[in-house]
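The numbers here are math on the coordinates, done by the rules we state, and not lab data. Fair warning: this is a prediction, and the values are worked out from it, not measured in the lab. When we count neighbours, we look across all protein chains shown, and the Cβ atoms used for this are built from the backbone with ideal geometry, even at glycine.
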Protein chains: 4
Amino acid sequence: MVIVMTPEATQQDVDAVVDLVATAGGDAFVSRGVNRTIIGLVGDIAQFGTLNIGSLPGVADVIRVSTPYKLVSRENHPERSTVRVGGVPIGPDTVTLIAGPCAVETPEQTLGAARMAIAAGATLLRGGAFKPRTSPYAFQGLGEAGLRILAEVREETGLPIVTEVVDAREVDLVASYADMLQVGTRNMQNFALLRAVGAAGRPVMLKRGMNATIEEWLMAAEYIAQRGNLDIVLCERGIRTFETATRNTLDISAVPVVQRLSHLPVIVDPSHSGGHRDLVLPLTRSAIAAGADGVIIDVHPHPEQALCDGPQALVDGDLGELARVMRDFPPLLDRVAATALVPVP
Amino acid sequence: MVIVMTPEATQQDVDAVVDLVATAGGDAFVSRGVNRTIIGLVGDIAQFGTLNIGSLPGVADVIRVSTPYKLVSRENHPERSTVRVGGVPIGPDTVTLIAGPCAVETPEQTLGAARMAIAAGATLLRGGAFKPRTSPYAFQGLGEAGLRILAEVREETGLPIVTEVVDAREVDLVASYADMLQVGTRNMQNFALLRAVGAAGRPVMLKRGMNATIEEWLMAAEYIAQRGNLDIVLCERGIRTFETATRNTLDISAVPVVQRLSHLPVIVDPSHSGGHRDLVLPLTRSAIAAGADGVIIDVHPHPEQALCDGPQALVDGDLGELARVMRDFPPLLDRVAATALVPVP
Amino acid sequence: MVIVMTPEATQQDVDAVVDLVATAGGDAFVSRGVNRTIIGLVGDIAQFGTLNIGSLPGVADVIRVSTPYKLVSRENHPERSTVRVGGVPIGPDTVTLIAGPCAVETPEQTLGAARMAIAAGATLLRGGAFKPRTSPYAFQGLGEAGLRILAEVREETGLPIVTEVVDAREVDLVASYADMLQVGTRNMQNFALLRAVGAAGRPVMLKRGMNATIEEWLMAAEYIAQRGNLDIVLCERGIRTFETATRNTLDISAVPVVQRLSHLPVIVDPSHSGGHRDLVLPLTRSAIAAGADGVIIDVHPHPEQALCDGPQALVDGDLGELARVMRDFPPLLDRVAATALVPVP
Amino acid sequence: MVIVMTPEATQQDVDAVVDLVATAGGDAFVSRGVNRTIIGLVGDIAQFGTLNIGSLPGVADVIRVSTPYKLVSRENHPERSTVRVGGVPIGPDTVTLIAGPCAVETPEQTLGAARMAIAAGATLLRGGAFKPRTSPYAFQGLGEAGLRILAEVREETGLPIVTEVVDAREVDLVASYADMLQVGTRNMQNFALLRAVGAAGRPVMLKRGMNATIEEWLMAAEYIAQRGNLDIVLCERGIRTFETATRNTLDISAVPVVQRLSHLPVIVDPSHSGGHRDLVLPLTRSAIAAGADGVIIDVHPHPEQALCDGPQALVDGDLGELARVMRDFPPLLDRVAATALVPVP
């Protein structure tokens, strides 16, 4: 059971809830978010039901949910949510295309990729300035210089920015540039980072851990939600299996499964799951058809020179077909491409 | 390297190839198929190239392919194949719906399921008479009595039959009733069975082993092809991973990957991969959008009474939407539903 | 619930059980084994308990077990079993070494490998005459000629023979030569083969499917047991995971887990799980220390010429250390090497 | 190629290396560690070989290693390393037992667990003050209060402390109490944390990510090593597979594989891999027999009251057998239990 306090609730109000729960032999975990305090109760749920907690001063909501995740569960929030990123919707009525380079390398490369993104129908720009790499000897991203490039390209194109943050100490820095913070697959259970992005006042894209069950993924989202931030978009990006023909195995079933369990939007990354340019378009079509609320795709003006993941980036010749997919498939699912709603300069 | 002999080739012709290869230090594996003999060469391929084997009497084709599978490879067969089952095409121009009960239980249930299949746009009927079950105490299928029911329902509805065979000793029996033989996931590397269906003179649907790599799957198809039978349809039905939210993890990427590697058609089983009724429609849309040449779906008039896999069978209320998907999605991929081609009585 | 009939039970006795169960709304699956008939009951178990089935004529035993596998469960058979193969025990008091070539190639190679096996302390000879291979172009074994070689080497050395059978139609042939029938990993759910070896009157070594859960493995053993054959030895040989540094991932925990769930002996194959010569000795020590009732190891006099799996075969230089392991480790687990009990000529 | 600078190397020396590499078209990644600077070179390795970098001022060592990990590779460091934690060795000559509670809960519980650890032969105390938990509503550890308890118990018993750090911002705090820093499975690719512990001046235990390949694990160790800290102990703790009978699948083969690839010590965690008390002793024996340099085991005086992972903690009745294993098994591998070397008060 989770108690959501009103924004005006006092410390005394919070203490009163904790004390009442203690009298029933329960434990209360208090989590102070940006806007409000959330109290998770552990113990004999049936007993708590008799306590009439909802009538205490400062209590906004008492959430009784049978799943281990509470705030992100669809159980007491049947309507699916829409998250807005710099005005662009990601949610049940639209299909949103996020595109851009895997890593920000130069202003020219980033601007070129942004223009490719727009040509394909994208309304959000992706691009990594901080890159988590398996090898310490691989290119680790430009850091703040990369964030500045992204901001310039946003200025030039109007595209809001989605970019990854890998260190809780850098969340404020990244949030000062980004419209949406991305938590990558390797950090899905970096709980310090989850708490930090939960408090950063920016929408968050939470990629699924490559070894995470759907339940663990939703629990990770709960860490963010618990800090008072429900502007979370989940991103399926492939899981690790025995198959080596693809970089990862895109778990396409996760899209409808997550939408049944959670009210949060869920998008798909066909670039990192497949790991091959040839697979991006079929997997994009597949994701939209499965009901994904968006896709996030690597594009690069010169993938053969890319410092990161060149083999999976789309090139100029692919953009026409991607634009066609974005135009023709969403209507079959009673949706529109987000681009149709948001005029891009 | 693989040598395909002409149908008229004599034993002497075959011996001549084997002897010539031996002089170059190679080994020749002779496989006598229904219509023709196929000789696989192992050893120093470069050396074989100098032997001029193609000019020997009785040699129809010399296949030089770099992949470990030869006859099913797309490398020297760039055009994708169409397999016909009782006149119904499965191939690159169509999307074919195969539907029916997981297991044949009674004449009424089977006929009811067949009528559901037709209502949804199916042109082939699936139904198991021999069921491989994890538990020896579970329902194992009606055996030949089930095959007779299928034949009666074919008589009544005109739908050609796809049914599983689980024992090499029963291939002739099953082939005497079935229009297409199915090899199930647990038997994908039952090489005795593969050889037997390769010689049975019927198209074969080869389901992917739940733990098989795509390469192993194509090698299993090669066992069938080597017996002279290239009427093989591959069926992706989910692989086993750590995720337990779904029965198996549908490897949707396998569709475009297989189509790049092999000329054989590939279809998807959204019922067995997801294991939940709710997932069948999203996964069907997803499969067609990924480029699958067809789908195979469980339907049951009374799934709550089903002796096998009831929770994943579609019910009457789902058929309208399935029919809509079969009508609206194929055109977006420049295909037609197979139903549009084949009038069903 | 499972009913075991006496060897003398008549058809009339069996029918009486089936009829009685039907009156309680249950289903009875009758399985006629070599020595006795076994009847599996499906339905309302609590109801069956009131039927007093145990007092019917011809009923030897009524097995109430909560696990889905019944005859192989330890639940009503707390004492762990010992299986004897040509007089050699495999069970809780011993550690049995089975060794030999992966594939029988020539009389000299097989005899050489058998002598290596003896030098290392082996009391059973392994060797494949029928080889299930991923590629149809790979060496498939010598067939019956290989069985004859094994029989000659048994004559010469006194070692009983363990050899694989891959086709239900060949079980009688293989059983006429072999002391123990092996069912390989790819055939663990080849139910036709399981039933056939269950009726063959020989002990069976059942390798774990590389993708099989422990429960599925025990269910496969139940198929054999149901035919009246409880002389089953389970063999853990590695499962398929994402890790590619080893051929398979040896699931060493399966040894104690299986021993808690089943009374059957369980051995380990360190050669096929690791796939590298260097790993065989560490994994052998590890298996014995985990409590395995034996190990099965590839040895080859000239592995560089082996037609199958040469890289994992032990060579002469490894035998001394293997013999030392077989001598020193079992006593730490209050066991003796089986070799100490069975004088080998 | 990796250049290790001498502790006395100046900025000018470092710049000279970088400039020289640039003239050959290569890129140099400079990493300033606590004691020395390390420069990773990316580009045409053959070309670098002609540059005679080793003769530049300030260059201590030029490491040419074919594996992607350099400093932790065994390739140019054939002797296996010993890491000392508060005087206790972990390395090739010993078997070290680390034991204690999963989580520090109270002073009494921690001291009780420490006494259990000593009784079993442990020479290092484990215990978590910062606990990464799947659910934000689960007990997250006592934080610094837990560290103080650990320090008091060290005072009382003499056992050096191993404890987890989960946030780069807390590394200094945890290092001020701990003798060894533990990086947990979920943080194996938290590169910010790896860099921070690499600079903390304490030995590090790096647990394998539950989905990490052995190569990725060694790359993660390289991140730590690159900061100048080579006091790293690797800990195999089970990987995630399809099998659900155990919490994770202990990859016992990883022990000999890692020891072949890296000079770092490797230990095993039988508690978290198995997840059941019954499996801890068999897996401990198995790990030592496979050649592990140590084991880390959960013990708890009252596991039924544990706030974390009670079902896997050993209890008083298990300690005698664990002590026997620690005494009898290491000599069979020409080792001694670390306890025999380090008198514990």
Task: Under Karplus coefficients 6.51, -1.76 and 1.60, residue-wise ³J(HN,Hα) of the range C:292-309 in Hz, glycine/proline x - done: 4, 7, x, 9, 10, 10, 7, 10, 8, x, 9, x, 5, 9, 4, 7, 7, 6
Open item on the list: At R0 = 35 Å, how high is the FRET efficiency between B:R84 and A:E321 if r is their beta carbon distance? Nearest 0.05 is fine.
Closed with: 0.70
Open item on the list: Can you list residues from other chains, or at least 5 along the same chain, whose modelled amide H is less than 5 Å from the amide H of D:D61?
Closed with: D:V4
- [ ] Would you give the gap between the C-alpha center of the range A:250-267 and the C-alpha center of the range A:307-326, rounded to a whole Å?
- [x] 24 Å
Task: Average silhouette area of the range A:9-150, convex hull of alpha-carbon atoms, in square nanometres - done: 13.2 nm²
Open item on the list: So if I average 1/r over every pair of distinct C-alpha atoms in the protein assembly as shown and take the inverse, what Kirkwood radius in Å does that give?
Closed with: 33.8 Å
Open item on the list: Step by step: find N for the range A:158-269, compute 2.2 N^0.38 Å, then divide the Cα radius of gyration by it. What's the final number?
Closed with: 1.03
Open item on the list: If you build the convex hull over the alpha carbons only and average its shadow over all orientations, what do you get for the range A:112-151? Give it in nm² to one decimal.
Closed with: 3.5 nm²
Open item on the list: Let's test the formula: R0 of 60 Å, r as the Cβ-Cβ distance of D:A119 and A:A151. What FRET efficiency results, to the nearest 0.05?
Closed with: 0.45
TODO: Post the alpha-carbon centroid distance, the range B:196-236 to the range D:103-135, in whole angstrom.
DONE: 55 Å
Task: Residues with amide H under 5 Å from that of A:R80, placed H, sequence gap 5 or more - done: none
Task: Residue of chain A whose Cβ sits closest to the axis mapping A onto D, with distance in whole Å - done: A:N211, 2
- [ ] With runs of 4+ DSSP H residues as the only contributors, calculate the mean residue ellipticity of the protein assembly as shown at 222 nm using -39,500 (n - 2.57) per run, divided by the residue total and rounded to the nearest 500.
- [x] -10000 deg cm²/dmol
Task: Amide H within-cut-off set for D:G128, under 5 Å, with H built and near neighbours excluded - done: D:A103, D:V104
Task: At 7 Å out from Cα toward Cβ: D:A46 inter-copy label distances (nm, ascending) - done: 1.9, 7.6, 7.8
Task: Values of log10 I(q)/I(0), in the order q = 0.09, 0.10, 0.12 Å⁻¹, for chain C under a Debye, Cα-only, solvent-free model - done: -0.49, -0.59, -0.82
Task: Count of lysine pairs in the protein assembly as shown with Cα separation under 20 Å (8 or more residues apart, or interchain) - done: 8
TODO: Kindly write out, for the range A:87-103 in residue order, the coupling ³J(HN,Hα) from the Karplus curve 6.51 cos²θ - 1.76 cosθ + 1.60 (θ = phi - 60°), rounded to whole Hz, with x marking Gly and Pro.
DONE: x, 8, x, 10, x, x, 9, 10, 10, 9, 9, 10, 9, x, x, 4, 10
Task: Cα-derived Rg to Rh of the range C:172-218, Kirkwood definition - done: 0.98
Task: 19 Å tail of the calculated P(r), the range A:247-345, as % of Cα pairs - done: 45 percent
Task: the range C:69-176: GluC sites (Glu not before Pro) falling in loop per DSSP and having at most 11 other Cβ within 10 Å - done: C:E79
- [ ] Take every DSSP beta bridge with both residues inside the protein assembly as shown and express the antiparallel ones as a percent of the total, to the nearest 5.
- [x] 40 percent
Open item on the list: Distances in nm, one decimal, shortest first, from A:E156 to the same residue in every other copy, taking the label point 7 angstrom along Cα→Cβ.
Closed with: 6.5, 6.9, 7.8
Open item on the list: If each label sits 7 angstrom from Cα along the C-beta direction, how far apart, in nm, is C:G143 from its counterparts in the other copies?
Closed with: 3.0, 7.0, 7.6
